[in-house]
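The values are calculated or read from the model by the stated rules, or taken from the named source; none is laboratory data. None of these values were measured; they are calculated from a predicted model. Cβ placement follows ideal geometry from the backbone for every residue including glycine, while neighbour counts extend to all protein chains displayed.
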Amino acid sequence: MHSEGKLTNEDRAIHKWQMWVDDFGEVGQQRLKQATVLVSRCGGLGSVVAYELVAAGVGRLILAHGGNIQFSDLNRQLLMNYGAVGQSRVEVAKRRLEEFKPQTIIDTVSENVSESNAQELVEQADLVVDCAPLFEERFALNRQAVKMRKPLVECAMYDLEAQLTTILPGKTPCLNCLYPETPPAWKREFPVFGAVSGTIGCLGAMEAIKVIARFGETLTGKLLVCDLRSMAFRTLQLNKDPNCNVCSQIDTETE
């Protein structure tokens, strides 16, 4: 947990409208301020997740994303801008977020999540939001989140479709239960509208907020499937794989 957790009068003024939510209130707001969230990639999904978490009052964000801004990012990566093309994605994201909400601590890692850095990154966070497009990154985060029993919000999109689930190690299926192997023909670049990534990014941020603040009903053990071409939304029940090589050894004791 982030140490600077007491609400100030300024915090209360900024967040008073959301503190009017009955089952959230000041206790929920303080939990957000105390929390550290790791966001893997701050692209189309992660930009929106990071923005909404900062807006909601999360005390500290860790943004992990390698590379510089390209013109092809600008249809969906809302923390980026035309004048910053060629600059570091995470540093531009940090600057934009600090301009918006200077009270939030923003730490940056100018590389994508990998087997070599996942442990160090995940152990700093209270919750992880996975917005990475590549399964090697997602699998690395999942393994470490399960190992350390850290909640993991999984966001994904393709074309006009999107998926969202929340993983609580020891209680729910993990990513490896859903995808034991990388889906065939999965590519780094794929068709997408910014409005699709923005939609699932907002939903992912709300899911993270509920898990941290402990209110509402989360997508634990469930998969939200969205088809924005037809505006169809479905929630599917998920089952753990008893032979999963990542989470099958985790016990199911309640906290």
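If you go through segment 79-93 one residue at a time, how many are surrounded by fewer than 20 Cβ atoms within 10 Å (Cβ to Cβ) and within 17 Å of the chain's Cα centre (by Cα)?
Looking only at segment 79-93, we keep the residues that are surrounded by fewer than 20 Cβ atoms within 10 Å (Cβ to Cβ), and these are 81-88, 91.
Right, trim to within 17 Å of the chain's Cα centre (by Cα) and you get none.
Adding up the residues that qualify gives 0.
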With criteria (1) farther than 22 Å from residue 136 by Cα; (2) in contact (Cβ under 8 Å) with a residue 12 or more places away in the chain; (3) surrounded by fewer than 16 Cβ atoms within 10 Å (Cβ to Cβ), residue 67 comes up short on (1)
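When you go through 93, 140, 132, 162 one by one, which is the residue that is under 18 Å from residue 45 (Cβ atoms), without any contact (Cβ under 8 Å) to a residue 40 or more places away in the chain, in contact with a helix residue (DSSP H, G or I) (Cβ under 8 Å, 6 or more places away or on another chain) and not aromatic (Phe, Trp, Tyr)?
Working: 93 fails: without any contact (Cβ under 8 Å) to a residue 40 or more places away in the chain; 132 fails: without any contact (Cβ under 8 Å) to a residue 40 or more places away in the chain; 162 fails: without any contact (Cβ under 8 Å) to a residue 40 or more places away in the chain.
Selected residue: 140, the only one of 93, 140, 132, 162 that is under 18 Å from residue 45 (Cβ atoms), without any contact (Cβ under 8 Å) to a residue 40 or more places away in the chain, in contact with a helix residue (DSSP H, G or I) (Cβ under 8 Å, 6 or more places away or on another chain) and not aromatic (Phe, Trp, Tyr).
Test residue 169 against the stated conditions and say whether it is in contact with a strand residue (DSSP E or B) (Cβ under 9 Å, 6 or more places away or on another chain) and surrounded by fewer than 23 Cβ atoms within 10 Å (Cβ to Cβ).
Details: in contact with a strand residue (DSSP E or B) (Cβ under 9 Å, 6 or more places away or on another chain): yes; surrounded by fewer than 23 Cβ atoms within 10 Å (Cβ to Cβ): yes.
Taking the combined requirement at face value, the residue satisfies it.
Just to verify a result, which residue in segment 179-235, among those that are of a type in the set (Asp, Glu) and modelled with pLDDT of 95 or more, is nearest to residue 48 (Cα to Cα)? Break it down into steps so the answer makes sense when it comes.
In the first step, residues of segment 179-235 are kept if they are of a type in the set (Asp, Glu); the result is 181, 189, 207, 217, 227.
Of the ones still in play, those that are also modelled with pLDDT of 95 or more are 207, 217, 227.
Numbers: 207: 13, 217: 21, 227: 19 Å.
For segment 179-235, the residue satisfying everything is 207.
If you go through segment 28-44 one residue at a time, do you hit one that is surrounded by fewer than 17 Cβ atoms within 10 Å (Cβ to Cβ) and either under 20 Å from residue 209 (Cα atoms) or aromatic (Phe, Trp, Tyr) (or both)? Give the steps one after another, and end with the answer.
Filtering segment 28-44 for residues surrounded by fewer than 17 Cβ atoms within 10 Å (Cβ to Cβ) gives none.
Within segment 28-44 (the criterion being surrounded by fewer than 17 Cβ atoms within 10 Å (Cβ to Cβ) and either under 20 Å from residue 209 (Cα atoms) or aromatic (Phe, Trp, Tyr) (or both)), the answer is no, since none of the residues qualifies.
I need a count of the residues in segment 205-237 that are part of a loop (DSSP other than H, G, I, E, B) and buried (at least 18 other Cβ atoms within 10 Å of the Cβ).
2
Of all the residues that make up segment 180-204, how many are closer than 29 Å to residue 75 by Cα and in a loop (DSSP other than H, G, I, E, B)? Reasoning before the result, please.
Going residue by residue through segment 180-204, those that are closer than 29 Å to residue 75 by Cα are 182-204.
Narrowing further to those that are in a loop (DSSP other than H, G, I, E, B): 182-191, 193.
Here the count works out to 11.
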Being surrounded by fewer than 16 Cβ atoms within 10 Å (Cβ to Cβ) and in a helix (DSSP H, G or I) narrows it down to one residue among 52, 10; which is it?
10
Within segment 132-161, restricting attention to residues that are part of a strand (DSSP E or B) and not aliphatic (A, V, I, L, M), which residue is surrounded by the most Cβ atoms within 10 Å (Cβ to Cβ)?
155
Looking at (1) under 20 Å from the mean Cα position of the chain (by Cα); (2) of a type in the set (Ser, Thr, Tyr); (3) more than 19 Å from residue 202 (Cα to Cα), which one does residue 72 not meet, given that it meets all the others?
(1)
